[in-house]
Structure formats: structure tokens, C-alpha cells
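The values are calculated or read from the model by the stated rules, or taken from the named source; none is laboratory data. Predicted model only: the values in this text are computed from it and were never measured. Cβ coordinates were reconstructed from backbone atoms using ideal geometry, including for glycine residues, and neighbour counts include every protein chain displayed. Remember, those area values only see protein heavy atoms, side chains included, never the ligands or the DNA or RNA. Shrake-Rupley method; radii C 1.70, N 1.55, O 1.52, S 1.80 Å.
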Amino acid sequence: MARHIMTLRSDDRPGIVAAVSSALLEVSANIVENQQYSDEGTDLFFMRTVFDAEQADVERVVAAIESSPALRNHDLQVRPDAERCRTLVLVSRFDHCLLDLLHRWRSGDLPIDIVGVVGNHDDCRALVEYFGLPFNVIPVTPETKADAEAQLLAMVEEKDVELVVLARYMQILSDGLCRALEGRAINIHHSFLPGFKGAKPYHQAHDRGVKLVGASAHYVTADLDEGPIIEQDVVRVTHAESPSRLVALGRDVERRVLSRAVRDHADRRVFLAGRRTIVF
């Protein structure tokens with residue numbers, strides 16, 4: 001038997017759980033993990049099921065579930081648990097999030113295959129090539145932005161990329177590119193937004209005497225830094241922290257939050273529900 005991950009999003013109606021469990025029982029599949037949620041605000045039902053079954057029986061399971069009258073306006077997907085999410089990382093000059101992703105990828109801590117790294121500067125080339133990965137520079141200026149994004153999107157299609165990670169990529173994606181990557185591009189930013197925008201947010205936070213330093217990972221949308229949030233975390237700080245110390249603490253939180261968001265996405269634990277996410 002092989003392990004599989006099933007994700008289901010559907011209009012919320014009676015009988016969905018019964019349809020799934022009956023289809024799995026029919027082929028003697030074993031449910032290893034199951035989580036479900038009915039969202040009253042949207043009348044949507046979300047379900048993630050991990051099960052063991054013969055590969056030849058998976059199509060039978062899917063066909064049986066989709067034939068159930070309980071499902072309406074649904075999205076049902078099944079993939080092998082061993083299948084790794086093909087990931088492209090974007091970076092500018094700050095390398096702390098990139099380095100953390102590369103380390104976790106190489107150590108097997110993240111269920112992803114990093115197929116390459118793209119930078120709009122050349123600063124991170126040596127780091128990326130040390131890990132044996134291709135590094136491509138696509139410079140971005142106001143005059144070349146459209147062409148640069150076309151190159152990036154072509155690379156996504158050519159490499160069959162499932163997830164794009166903005167690891168402190170300091171460029172604003174156009175509305176068109178955001179739509180093309182909807183639900184499969186993750187960004188990380190400090191949680192002071194929108195309170196401390198612009199240059200040196202940690203210095204601004206120090207001047208205001210903040211007591212919490214945090215970070216948020218979210219899906220990229222045309223609304224800058226307002227996409228559906230996947231993961232967040234904070235650490236308490238005091239008046240004694242210098243601006244440079246706040247920067248260091250902030251980068252540490254950014255690394256942890258981004259890696260957790262990437263892992264949840266790659267494990268098919270994240271469902272979009274309008275402007276919010278359901279994370280199992």
C-alpha cells in the first residue's frame with residue numbers, strides 16, 4: 001500500500017464525510033489522519049484525509065466520491081504523500097530566509113524540491129550554488145518590469161513549479177502576475193505592517209517602544225501585503241533592545257514563520273476561503 005493525501009473543498013451539505021469514508025472502505029483503505037471543518041461564514045466544507053491504499057484503487061476512490069450527490073461545486077484532489085512540491089524561490093539581497101529554506105530542504109525537513117532560485121540582484125549566487133542549485137538573475141527596473149515578470153512566469157511554467165516563495169524578494173508583483181500565481185505564491189513580511197511602512201521598520205518600532213516583534217506569511221495577492229494569512233508568530237521584546245537587536249529577532253521570526261507556511265502548503269494543509277485560510 002502507498003500513502004496518499006486527499007483534499008476536498010465543497011459546498012457544505014450532509015453526507016460528505018459518509019461519502020468519503022464509504023469510498024475508502026470499499027477498497028479496504030486505511031485512514032491514517034483526518035481533519036474537517038464546516039465554515040458557517042461561507043457555507044463551505046473543508047476536509048484533509050491521509051490514507052493508505054493500493055495505487056490502482058485511488059481512481060476508484062475518487063470516482064466513488066465524485067459520484068456522490070452530497071458533493072456540489074467541489075474541488076477534490078489526491079496525491080501521493082511521497083510527492084514533493086516543486087518550489088521556486090525568489091530573493092533580493094537579504095539571505096536569512098533563503099538560507100533557512102535551503103538548509104531545511106537539504107536536511108529533508110521540508111517536503112519540497114527547490115528547482116531553482118531567482119534573484120533581482122546577484123548577491124546570493126554563491127550561497128545558492130554552494131547548495132548545488134541553479135541561480136538566475138532577472139534584473140527589475142520600471143522599464144523592464146513587464147519583461148522580467150514574463151521571464152519569471154515562463155520559468156515557472158518550464159520547470160512545472162507548484163509553489164513560488166518570496167524569501168524577502170523586495171519587488172512588488174504586478175496584478176497580472178499575482179493572478180497567474182494565485183494560491184501558489186507565499187510572501188513573508190514583518191508584522192509591523194501596516195503600522196510601520198517604508199524604510200527601516202524595526203528602527204521605527206524601536207522609536208515607538210514596541211513590545212512584540214513578529215512576522216506573517218501570506219499568499220500573494222494584488223492587494224500589497226494583504227493576502228490570506230497562512231502563519232504568524234511573535235516574540236516579546238523590552239525597552240532594552242537596540243534597533244539592531246530588533247532586526248536580528250525579527251529575522252529569526254521571519255525564518256520560522258516562512259518555513260512553517262511553506263511546509264503547511266506543501267503538505268496540502270492550507271485551504272483558501274475567500275480572504276482567509278483554513279489550516280489543518
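Available extension along the chain between Thr144 and Leu212 is 20.6 nm, counting 0.36 nm per residue and deducting the alpha carbon span. Counting 0.36 nm for each residue step from Gln36 to Arg275 and taking away their Cα separation leaves a gain of 84.1 nm. Note: relative contact order over the chain, using C-alpha pairs below 8 Å and six or more positions apart, is 16 percent.
Quick check for the stretch 85-279: number of Lys pairs with alpha-carbon distance under 25 Å, counting only pairs 8 or more apart or on different chains? The result is 5. For Leu44, the residues whose amide H sits under 5 Å from its own are Asp12, Asp39, ignoring neighbours fewer than 5 places away on the same chain, with H placed 1.01 Å from N.
For the stretch 9-24, backbone phi angles converted through the Karplus equation (6.51, -1.76, 1.60; θ = phi - 60°) give residue-by-residue couplings of 10, 8, 4, 7, 9, x, x, 5, 4, 4, 5, 5, 5, 5, 5, 5 Hz, Gly and Pro being listed as x.
Round to the nearest 0.05 the FRET efficiency obtained for Gln77 and Ser21 when R0 = 25 Å and r is the Cβ-Cβ distance. For Gln77 and Ser21, the calculated efficiency is 0.90.
Applying the criteria of a DSSP loop state and at most 13 other Cβ atoms within 10 Å to the trypsin sites (Lys or Arg not before Pro) of the stretch 11-116 yields Arg72, Arg93.
Put simply, when 176-189, 28-41 are sorted by average Cβ atoms within 10 angstrom per residue, most first, you get 176-189, 28-41. Build a GNM of the chain with springs between Cα atoms under 10 Å apart, and of Asp57, Asp252, Asp95 the one that fluctuates most is Asp57. Of all DSSP-defined beta bridges confined to the chain, some 70% are antiparallel rather than parallel. As a fraction of the 1.4 Å probe accessible area of the stretch 125-280, surface on carbon and sulfur atoms comes out at 52 percent.
Along the stretch 238-255 the Karplus relation, 6.51 cos²θ - 1.76 cosθ + 1.60 evaluated at θ = phi - 60°, assigns HN-Hα couplings of 10, 5, 7, 6, 7, x, 5, 5, 4, 4, 5, 5, x, 5, 5, 5, 4, 4 Hz to successive residues, with x for each Gly and Pro.
Measuring between their Cα centroids, the stretch 241-278 and the stretch 166-237 lie 9 Å from each other.
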